[in-house]
Amino acid sequence: MPFNSDSVNTLNTLSDTLAHSDGSESSWILHHIVDANELELPFLGIVPIPQFPLIYGIDFTPTKHILFMWIAALIVVLIFMSVAKSYKKSLVPKGIPNFFEVLIIFVRDEIVKPTIGEGYQKFLPYLLSLFFFVLFGNLLGLIPYSATFTSNIGVTAALAIMSFIMIQFGGMRKNGVIGYLKGLVPHGVPGWMLVIMIPVELLGLFTKPFALAIRLFANMVAGHTVILALIGLIFFMGTIFVAPVSVSFAVFIYLLEILVALIQAYIFTMLTALFIGMAVHQEH
């Protein structure tokens with residue numbers, strides 16, 4: 001029966017986690033959501049990640065979420081290398097390359113082109129990379145014994161910061177530094193209002209990436225928490241009679257998480273493209 005990776009791990013290790021918890025009924029849920037320096041592997045149980053030597057006093061040892069970030073990045077690279085090679089053999093790819101061509105065209109024609117408009121081609125490579133990286137990151141968490149690194153606020157914040165840099169770069173490249181900063185304030189605003197409008201507009205620059213980071217983080221954490229809580233009802237209530245209801249709802253939420261993984265990748269990319277379009281075409 002398909003479960004979220006955190007749910008499978010919960011069924012295998014819940015008793016030990018509860019035994020060593022701090023007494024809080026939610027502590028075991030956090031244990032399976034937050035980042036860690038260990039992996040949960042089939043047949044091996046909990047395996048610590050080997051420590052890297054300190055470099056100038058800084059610990060570069062990867063965490064569980066970082067390892068799965070590397071895996072997602074590697075999957076994206078390998079898949080699109082395969083897609084690129086397929087075009088050398090035939091202009092009409094088949095199978096997996098054809099499937100990803102559909103997604104690429106969708107991102108280009110339904111997200112990037114309508115929201116950015118003229119000059120969208122310059123930003124298309126970044127937005128395609130962003131879409132598929134977030135998508136594979138979301139979907140990886142649905143595989144048993146894996147982890148959803150997009151439920152880490154540090155990861156979503158880093159993605160939002162990169163989008164913030166791309167937004168400012170696009171706006172300044174098109175309008176110039178002074179022209180871009182001038183365009184942040186609406187035309188025709190009375191001089192006495194500038195004292196209020198300038199801080200508000202500057203604050204708005206930073207609230208956009210903040211909203212991107214929090215939206216993705218909150219949605220991914222919420223789905224995992226609900227599934228874990230539903231499975232946990234079996235153990236908290238101490239009876240198997242609640243199992244059919246808990247498992248049924250957990251499976252439903254799991255299937256919903258697949259849709260959420262797609263939607264969140266779409267929303268993150270669409271909002272980034274929208275903010276870039278607003279920065280580039282300030283006259284609209």
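If R0 equals 45 Å, the separation of the Cβ atoms of Tyr87 and Phe235 corresponds to a calculated FRET efficiency of about 0.30. One Cα centroid belongs to the range 34-94, the other to the range 263-280; the line between them spans 26 Å.
Working from Cα pairs under 8 Å separated by at least six residues, relative contact order for the range 5-280 is 25 percent. When the label point is put 7 Å from the Cα of Ala218 along its Cα-to-beta-carbon vector, which residues of the range 121-150 have a backbone N closer than 18 Å? Those under the cut-off are 150.
Most tightly packed first, judged by the mean number of other beta-carbon atoms within 10 Å of their residues, the peptides 130-139, 232-241 read 130-139, 232-241. Axis of helix 153-175 versus longest Cα principal axis of the chain: the two differ by about 10°, to the nearest ten degrees. In a DSSP loop and with at most 16 other Cβ atoms within 10 Å, the chymotrypsin sites (Phe, Trp or Tyr not before Pro) in the range 44-117 are Tyr56, Phe60. Taking the centroid of alpha carbons for each part, the range 139-177 and the range 220-240 are 30 Å apart.
For the range 73-159, trypsin sites (Lys or Arg not before Pro) meeting the loop criterion (DSSP other than H, G, I, E, B) and having at most 14 other Cβ atoms within 10 Å: Lys94. On full extension, the segment bounded by Glu118 and Glu101 gains 3.9 nm, given 0.36 nm per residue less the C-alpha separation.
Compared with the dominant Cα axis of the chain, that is its longest principal axis, helix 124-140 is turned about 10°. Across the range 49-63, computed HN-Hα scalar couplings (Karplus, 6.51 cos²θ - 1.76 cosθ + 1.60, θ = phi - 60°) run 7, x, 7, 8, x, 5, 10, 6, x, 9, 8, 9, 5, x, 8 Hz from first to last residue, x flagging Gly and Pro. In the distance distribution for the range 5-280, Cα-Cα pairs more than 35 Å apart total 32 percent.
For Leu39, the amide hydrogen comes within under 5 Å of the amide hydrogens of Val47, Ile49, counting only partners 5 or more places away or on other chains and with H modelled in the peptide plane. Projecting label points 7 angstrom from Cα along Cα→Cβ for Trp70 and Asn37 puts them 1.7 nm apart. Please give every one of the lysines within straight-line cross-link reach of Lys122, meaning a C-alpha to C-alpha distance under 24 Å, and leave out same-chain neighbours fewer than 8 residues apart. Filter leaves Lys85, Lys88, Lys113, Lys174, Lys182, Lys208.
No value in this document is a laboratory result; all are computed from the given coordinates. Everything quoted here is computed from the prediction, not taken from an experiment. Counting neighbours? That spans all protein chains shown, and the Cβs are built from the backbone with ideal geometry, glycine included.
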